[in-house]
Amino acid sequence: MQEKVVQPLRVELGERSYEIFVERNLSGDIRRMVESLCESNRRFVVLADEQLATLQSTFLTDAFGDCPRLELPSGETTKSLEKLGLVLDFLADSKLDRSACVFVAGGGVTGDLGGFAAASFLRGIDFIQVPTTLLAMVDSSVGGKTGINLSAGKNLVGAFHQPRAVFADVDLLASLPPREFAAGMAEVIKYGLLGDRELYERLLKSETLTATSPEIGDIIKRCCQNKARIVEGDERETDSGVGGRAMLNLGHTFAHAIEAVAGFGEYLHGEAVAIGMVCALRLSEKLKFLALGHGPDLEVLLGRQGLPTVLRAPLALKPLLNAMHSDKKVKGGMLRFVVMDAVGVSRVAEDVPLSLVEDTWRTIGVS
Ligand code: NAD
């Protein structure tokens, strides 16, 4: 049989550079990495999402054998101080030293928590991301942002800690609930809108994408490439201008407000981002940065993937505006938005008139 050739992408960050493997059937490749760690006498453990462990037990066994594994409950509440303590105790009980490596298999929740535990244990040990949701494959596993939530807000504690490698096995998407797949598609569409017109046009021409679509692997790679280039240019999100990491927040100022006001969990993050992108596009039109006429395409694209383009139930304007003001993206009291000059060309705009933001909210069902 011909041997499979896996062509990785690379994130160039000097001594923190790493490779991203996006393929089907990667358990054997992960196993080889595990064996090479064993050969060099390095210890390793696995942190895995509980639901993944139930639905993809063969994958985990094929990739990691019977190595020590901690399963973490599914859901955002796992990104907590309490669960961080649990993970750190597990790393200590597993007698990991500074040469050890943690494999983190799951969605963004497991990745963010596990990555942060690796960043803080013994002041930082290696970790390898094994993203298993579409969102984690195209976004959260690449770029080194790790962290947990506090009751005061999301992602308030964390560290930049780049993984040593990312293994995205596209086959794992088969067990992902369709609503979670759709939420990941919102981030895919976002990459097109913010900086990759060719990707956006390809998506417009495609049928509805699913976990089994032949082109899904290619599309994930393309998104990872986009994210890698953005991260290489602005590893620690210090550049708020064109091309910096802040660009990845297209639609997010609106989305975070929707999530907070509707009650966390009412909308999946990707669903809120879908509505947020519609808002960002309309705001860009109202500011006369973007020519009129792109809205219908975006709505068709989102709708086709089962994503909302308006609120499912009305929300009041005032709490949404208040939530926007307490968002991390407010700088010096001014609201900042990622706006589009064209499809695939975006930038950060400051001092946006509040009246235009209010008008934008009203177009998606705000009372
Ligand atoms: P998630 O980790 O909660 O996973 C979503 C659901 O899918 C969970 O119920 C999980 O159990 C299940 N699941 C995971 N893989 C599965 C599989 N293969 N088959 C069946 N079920 C599976 O959510 P997510 O959307 O992956 O990530 C959201 C988190 O990512 C948020 O906490 C967000 O803050 C974070 N995030 C981080 C970054 C970053 O740069 N670090 C970027 C974007 C989002």
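The values are calculated or read from the model by the stated rules, or taken from the named source; none is laboratory data. Given the structure is predicted, the values throughout are model-derived calculations rather than measurements. With ideal geometry, Cβ positions are generated from the backbone for all residues, glycine too; neighbour counts draw on all protein chains shown. When the accessible area is computed, the model is the full protein with side chains, heavy atoms only, and any ligands, DNA or RNA have been set aside. Shrake-Rupley method; radii C 1.70, N 1.55, O 1.52, S 1.80 Å.
General observations
- Long-range neighbours under 7 Å by Cβ, at least six apart or interchain, first residue within 23 Å of Gly243 (Cβ to Cβ) within segment 176-191, second within 9 Å of the ligand (Cβ to nearest atom) and open to solvent by 10 Å² or more (accessible area, probe 1.4 Å): Glu187/Leu135; Glu187/Asp139
- So Thr212, is it more than 14 Å from the ligand (Cβ to nearest atom), in contact (Cβ under 8 Å) with a residue 24 or more places away in the chain, open to solvent by 10 Å² or more (accessible area, probe 1.4 Å) and not in a helix (DSSP H, G or I): no
- If you go through segment 95-106 and keep only what is small (Gly, Ala, Ser) and either under 16 Å from Phe160 (Cα atoms) or open to solvent by less than 10 Å² (accessible area, probe 1.4 Å) (or both), you end up with Ala100, Ala105, Gly106.
- Unique match (being open to solvent by 20 Å² or more (accessible area, probe 1.4 Å), away from the ligand (no atom under 16 Å from the Cβ), more than 24 Å from Ala228 (Cβ to Cβ) and without any contact (Cβ under 8 Å) to a residue 24 or more places away in the chain) among Leu156, Leu86, Leu122: Leu86
- Failed criterion for Phe181 (all others in (1) under 17 Å from the mean Cα position of the chain (by Cα); (2) surrounded by 22 or more Cβ atoms within 10 Å (Cβ to Cβ) hold): (2)
- Every residue from segment 125-136 that is open to solvent by less than 20 Å² (accessible area, probe 1.4 Å) and either over 14 Å from the mean Cα position of the chain (by Cα) or more than 9 Å from the ligand (Cβ to nearest atom) (or both): Ile125, Phe127, Ile128, Gln129, Val130
- Positions within segment 142-153 being open to solvent by 70 Å² or more (accessible area, probe 1.4 Å) and either in contact (Cβ under 8 Å) with a residue 24 or more places away in the chain or touching a helix residue (DSSP H, G or I) at 6+ places or on another chain (Cβ under 8 Å) (or both), in sequence order: Lys145
- Cβ-Cβ under 6 Å pairs, at least 6 apart or on other chains, segment 345-356 side under 15 Å from Met277 (Cβ atoms), far side among the β-branched types (Val, Ile, Thr) and surrounded by 15 or more Cβ atoms within 10 Å (Cβ to Cβ): Ser346/Val338
Rundown of residues vs (1) among the charged types (D, E, K, R); (2) over 23 Å from Pro353 (Cβ atoms), yes/no style:
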{"position": "Glu235", "(1), (2)": "yes, yes"}
{"position": "Leu250", "(1), (2)": "no, no"}
{"position": "His256", "(1), (2)": "no, no"}
{"position": "Phe264", "(1), (2)": "no, yes"}
{"position": "Ala274", "(1), (2)": "no, yes"}
{"position": "Leu283", "(1), (2)": "no, no"}
{"position": "Ala291", "(1), (2)": "no, no"}
{"position": "Glu299", "(1), (2)": "yes, yes"}
{"position": "Gly303", "(1), (2)": "no, yes"}
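- Considering residues of segment 163-178 that are part of a loop (DSSP other than H, G, I, E, B) and within 9 Å of the ligand (Cβ to nearest atom) only, the residue surrounded by the most Cβ atoms within 10 Å (Cβ to Cβ): Leu176
Yes/no matrix, rows are residues, columns are (1) more than 30 Å from Asp218 (Cα to Cα); (2) in contact (Cβ under 8 Å) with a residue 24 or more places away in the chain; (3) in contact with a strand residue (DSSP E or B) (Cβ under 9 Å, 6 or more places away or on another chain); (4) open to solvent by 80 Å² or more (accessible area, probe 1.4 Å):
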residue	(1), (2), (3), (4)
Val6	no, no, yes, no
Val11	no, yes, yes, no
Ser17	no, no, yes, no
Gly28	no, yes, no, no
Val34	no, yes, yes, no
Gly65	no, yes, no, no
Pro68	yes, yes, yes, no
Thr78	yes, yes, yes, no
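Rundown of residues vs (1) closer than 30 Å to Gly153 by Cα; (2) modelled with pLDDT under 95; (3) more than 15 Å from the ligand (Cβ to nearest atom), yes/no style:
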{"position": "Val45", "(1), (2), (3)": "yes, no, yes"}
{"position": "Asp49", "(1), (2), (3)": "yes, no, no"}
{"position": "Leu52", "(1), (2), (3)": "yes, no, no"}
{"position": "Leu55", "(1), (2), (3)": "no, no, no"}
{"position": "Leu60", "(1), (2), (3)": "no, no, no"}
{"position": "Glu76", "(1), (2), (3)": "yes, yes, no"}
{"position": "Glu82", "(1), (2), (3)": "yes, no, yes"}
{"position": "Phe90", "(1), (2), (3)": "yes, no, yes"}
{"position": "Ala100", "(1), (2), (3)": "no, no, yes"}
